[in-house]
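Asker: To start, I am sharing the structure in question, which I have written as structure tokens.
The values are calculated or read from the model by the stated rules, or taken from the named source; none is laboratory data. Just so it is clear, the structure is predicted and the values come from calculations on it, not from any experiment. Please note: Cβ atoms are built from the backbone with ideal geometry, for glycine as well, and neighbour counts cover all protein chains shown. We work out accessible area using only protein heavy atoms, side chains counted, and drop any ligands, DNA or RNA first. Shrake-Rupley method; radii C 1.70, N 1.55, O 1.52, S 1.80 Å.
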Amino acid sequence: MSTSYLRAILAVTWKDLTAELRSRELLSAMLVFSVLVLLIFYFALELDVQTRSEITAGALWVTFAFAGTLGLNRSMAIEKDRGCLDGLLLVPVDRSAIYFGKALSNLAFMLAVEAIVLPLYSIMYNVNLFYPGLLGVTLLGSVGYTAVGTLLSAMSVQTRTRDVLLPILLFPVIIPVFVAAVKASGGFLNGAEWSEIIPWVNILLVYDVIFIAVAFMVFDFVIEE
Amino acid sequence: MSPSIEVTRLVKRFGLKNVLRGLDFQVQSGEFVALLGPNGAGKTTFLRILASLSRPTLGQVRVAGHRLPEQSAAVRRRLGVVSHLPLLYGDLTAEENLQFYGRMYGVPNLNVRIQEVLDMVGLSTRRRDLVRTFSRGMQQRLAIGRAVLHDPDVMLFDEPYTGLDQDASEMLDSVLKNVAAAGRTVVMTSHDLARAEDLATRFDVLSRGVIAASVTRTDLQNSNLLTFYKQALAG
């Protein structure tokens, strides 16, 4: 990886994080939405202790997936405002550097939301979520989600119906990562054997590698007019 | 000396619609060409192809000695583009915007270069202000600063005066003259014939997807641009 390529990736990530720290538009939307989803679950489902531990993984990943979609949409919409996407495409670097820069910042936003949602859920439902394995699965699932989400949001941002189109494109594609993340998280929460969890973790790893490689290869075509 | 921009039989098709129909176009190094034409003539489409933002359907395009779209990275390194949108981030300051683009282009001695550019566009005192607080005219001046940051040989301006008031347009005139005076090759689309006449050394009229007429400032001396433009569209 050349220095200019790495510098371009870091420049895109730096730009996104700096702009977001200043405006807080994207993070606040994701956070408010996540808290609302948790509250809806809390009031809609009166759960006993046993049921609670069974649905925790699903409830968490539904929250992450919906909040993540909001973030992905906004992150690419910022590039479309004021023609900034053209500004990025005019830069003489391999366009996959733009993808990796955007994916890194999207991952940072998602992890920031998760860092708040996990303790909040833990307090609301009195469930311990701080197992190293569960945190690892959260990271792997988030990597897979943002790898695909960044690619598809670059595709959908070119259309007039981008807000609607992204979840329609994204959710079918992330079913494997979603199912694997829920199963692996549930396994850690319910004290399952490592041998039961490892196939789901492997699926997450393979999914992450495949979609990062696919995005690297096709982003140039996806982003072009 | 080979031309800075050389376009041969360029065709651009969107679905069944031919926007550019076998367009031929050449610009010598250091020329300032005003590309005139009515709405829908294909000016923006043509500039987007020159900027490597859109692929030609047919034909050959060379910019700064490199073929498009095959050598688009080499072309982008030597190209500066200003459109009616500023291509700037509203939540970053003027300085941060230039830092970002400077890093992307790998500009050496970036801080010194940023200072030079901000001085050139008259925004040194506003360097730490957020771009979203800038007037349209200031944003457009900073957009020119962004476009010249990496010292390109060829500059493309797509309707740079859109939405500017009289004062801001006059200020942009002087910035554009500075840009052209540095010996750069400039192609500018515009509906504003008076401004084009003041700035350009050659005037091309794009109509129905081809260059309908072309005249240099020297040849135009005893005529006026409006008459030439109307005749070109009528013919």
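Asker: Could you give the distance between the Cα centres of the stretch B:28-67 and the stretch B:126-203, to the whole Å?
Answerer: Value for the Cα centre distance between the two parts: 18 Å.
Asker: In terms of Cα to Cα distance under 17 Å, which aspartates and glutamates are near enough to A:Lys183, apart from those fewer than 8 places away along the same chain?
Answerer: A:Glu54, A:Glu193, A:Glu196, A:Asp208
Asker: For chain B, modelled as a GNM with alpha-carbon contacts under 10 angstrom, which of B:Thr189, B:Thr201, B:Thr218 fluctuates the most?
Answerer: B:Thr218
Asker: If you don't mind, another one. For chain A, give the percent of accessible area contributed by carbon and sulfur heavy atoms, probe 1.4 Å, rounded to a whole number.
Answerer: Ligands and nucleic acids excluded, carbon and sulfur reach 70 percent.
Asker: Another one. Find which of A:Ser2, A:Ala19, A:Ala44 sits farthest along the positive direction of the dipole of the stretch A:2-46, computed with +1 on the beta-carbon of Lys and Arg, -1 on that of Asp and Glu, about the Cα centre.
Answerer: A:Ser2
Asker: Taking chain B as a Gaussian network, where each spring joins two C-alpha atoms under 10 Å apart, which residue of B:Leu92, B:Leu35, B:Leu47 fluctuates the most?
Answerer: B:Leu92
Asker: In peptide A:16-24, how many Cβ atoms from other protein chains are near each Cβ within 10 Å, on average?
Answerer: Working: counts 3, 0, 7, 7, 1, 1, 8, 6, 1.
Going residue by residue through A:16-24 and averaging, the value is 4.
Asker: So if the hydrodynamic radius of chain A is defined as the Kirkwood radius over C-alpha pairs, what does Stokes-Einstein give as its diffusion coefficient at 37 °C and 0.692 mPa s, in µm² per second? All intermediate terms of the calculation are to be shown ahead of the outcome.
Answerer: Working: Rh = 18.1 Å.
Here the translational diffusion coefficient equals 181 µm²/s.
Asker: For the protein assembly as shown, what is the percent of antiparallel DSSP beta bridges, rounded to the nearest 5? Provide the component values of the computation, followed by the final result.
Answerer: Numbers: 23 of 40 bridges.
Among the beta bridges of the protein assembly as shown, antiparallel pairing accounts for roughly 60 percent.
Asker: Something else about it: Can you pull out the buried accessible area for chains A and B, both sides counted, probe 1.4 Å, rounded to the nearest 100 Å²? Before the final figure, lay out each step's value.
Answerer: Details: alone 11460 and 11340 Å², together 19980 Å².
Chains A and B together bury roughly 2800 Å² of accessible area.
Asker: Can I ask one more? Antiparallel DSSP bridges in the stretch B:88-222: what percent, to the nearest 5?
Answerer: Here the antiparallel bridges make up roughly 60 percent for the stretch B:88-222.
Asker: Roughly what % of DSSP beta bridges within chain B run antiparallel, to the nearest 5?
Answerer: Once the DSSP bridges in chain B are tallied, antiparallel ones form about 60 percent.
Asker: At a 1.4 Å probe, which residues in the stretch A:210-225 are at least 50 Å² less accessible with all protein chains present than in their chain isolated?
Answerer: Buried on complex formation: A:Glu224, A:Glu225.
Asker: Follow-up. By per-residue mean of other Cβ atoms within 10 Å, what is the highest-first order of B:139-148, A:37-46, B:102-111? Intermediate results must be reported in sequence, preceding the final value.
Answerer: Working: B:139-148: 25.1, A:37-46: 13.0, B:102-111: 17.4.
In descending order of packing, they fall as B:139-148, B:102-111, A:37-46.
Asker: Averaged over its residues, how many other protein chain Cβ atoms are within 10 Å of peptide B:221-228's Cβ atoms?
Answerer: Taking the mean over all residues of the peptide, I get 0.
Asker: Pop the C-beta distance of B:Thr162 and A:Val62 into the FRET formula with R0 = 41 Å and round what comes out to the nearest 0.05.
Answerer: 0.35
Asker: Another question about this same structure. Please list, or write none, the aspartates and glutamates whose alpha carbon is within less than 14 Å of the alpha carbon of B:Lys177, excluding same-chain residues fewer than 8 places away.
Answerer: The reachable aspartates and glutamates, counting only those whose Cα sits under 14 Å from B:Lys177, are B:Glu31, B:Glu197, B:Asp198.
Asker: Determine how large the accessible area of A:Glu20 is when every protein chain is in place; take a 1.4 Å probe and give Å² rounded to the nearest 10.
Answerer: Approximately 10 Å² of A:Glu20 is accessible to the 1.4 Å probe.
Asker: May I ask you to derive the FRET efficiency for B:Leu193 and B:Lys17 from their Cβ-Cβ distance with R0 = 41 Å, giving the value to the nearest 0.05?
Answerer: With R0 = 41 Å, the Cβ-Cβ based efficiency is 0.90.
Asker: Run the accessible area of chain B with a 1.4 Å probe and give the carbon-and-sulfur part as a rounded percent. All intermediate terms of the calculation are to be shown ahead of the outcome.
Answerer: On the way: 4750 of 9970 Å².
Accessible surface attributable to carbon and sulfur in chain B totals 48 percent.
Asker: For the protein assembly as shown, with only Lys/Arg (+1) and Asp/Glu (-1) charged at the beta-carbon, what is the dipole magnitude about the Cα centre, in debye rounded to 20?
Answerer: Values: 42 positive and 41 negative charges, 214 e Å.
Taking the Cα centre of the protein assembly as shown as origin, the dipole is about 1020 debye.
Asker: What is the dipole size for chain B, taken about its Cα centre, with +1 at each Lys and Arg Cβ and -1 at each Asp and Glu Cβ, in debye to the nearest 20?
Answerer: Dipole about the Cα centre, nearest 20: 900 debye.
Asker: Let me ask something else. Can you compute the modelled spin-label distance between A:Leu17 and B:Asp219, with each label point 7 Å from Cα toward Cβ, in nm?
Answerer: About 5.7 nm, to one decimal.
Asker: A follow-up question, please. For the charge dipole of the protein assembly as shown, defined by +1 on Lys and Arg C-beta atoms and -1 on Asp and Glu C-beta atoms about the Cα centroid, which residue among A:Ser185, B:Leu88, A:Ser28 has the Cα displaced farthest towards the positive pole?
Answerer: Final value for the positive-end residue is B:Leu88.
Asker: Turning to a different aspect of this structure: What is the packing order of peptides A:110-121, B:79-90, taking the mean over residues of other C-beta atoms within 10 Å and listing the highest first?
Answerer: Numbers: A:110-121: 18.2, B:79-90: 23.6.
In descending order of packing, they fall as B:79-90, A:110-121.
Asker: Hey, another quick one. Keeping all protein chains in place, calculate the accessible area per residue for the stretch A:3-224 (probe 1.4 angstrom), answer in Å².
Answerer: Accessible area per residue: 44 Å².
Asker: Highest GNM mean-square fluctuation, chain A, Cα pairs closer than 10 Å: which of A:Gly101, A:Gly83, A:Gly187?
Answerer: Top of the fluctuation ranking is A:Gly83.
Asker: Still on this model: Give or take rounding to whole Å, what are the principal axis extents of the alpha carbon atoms in the protein assembly as shown, in descending order?
Answerer: Over the protein assembly as shown, Cα extents along the principal axes are 92, 48, 41 Å.
Asker: Within 10 Å of each Cβ of A:4-15, how many other protein chain Cβ atoms are there on average? Could the numbers behind the result be given before it?
Answerer: On the way: counts 4, 0, 0, 3, 4, 0, 1, 8, 3, 0, 4, 10.
For this peptide, the per-residue mean of nearby foreign Cβ atoms is 3.
Asker: Using Cα positions and a limit of under 30 Å, work out the lysines in reach of B:Lys17, with same-chain residues fewer than 8 apart set aside.
Answerer: Hits, sequence-local ones excluded: A:Lys80, B:Lys43, B:Lys230.
Asker: Let me ask you something else. Using 1/(1 + (r/R0)^6) with R0 = 35 angstrom and r between the beta carbons of A:Val127 and A:Ile168, what's the FRET efficiency to the nearest 0.05?
Answerer: After rounding, the FRET efficiency stands at 0.60.
Asker: Something else: Probe radius 1.4 Å, ligands and nucleic acids left out: which of B:Arg67, B:Arg76 has the largest accessible area, and how do the rest follow? Don't skip to the answer; put the middle values down first.
Answerer: Numbers: B:Arg67 100, B:Arg76 15 Å².
Result, largest first: B:Arg67, B:Arg76.
Asker: Determine ³J(HN,Hα), in whole Hz, for all residues of the stretch A:21-35 in sequence, where each value follows from phi through the Karplus function 6.51 cos²θ - 1.76 cosθ + 1.60 and θ = phi - 60°; x replaces Gly and Pro.
Answerer: Along the stretch A:21-35, the couplings run 4, 7, 8, 6, 5, 6, 5, 5, 5, 5, 5, 4, 4, 4, 5 Hz.
Asker: Let me ask something else about it. So what does B:Arg132 come to for accessible area, using a 1.4 Å probe and Å² rounded to 10?
Answerer: Looks like 120 Å² after rounding.
Asker: Quickly work out the B:Lys177-to-A:Lys80 label distance, labels modelled 7 Å from Cα along the C-beta direction, and quote it in nm with one decimal.
Answerer: 4.1 nm
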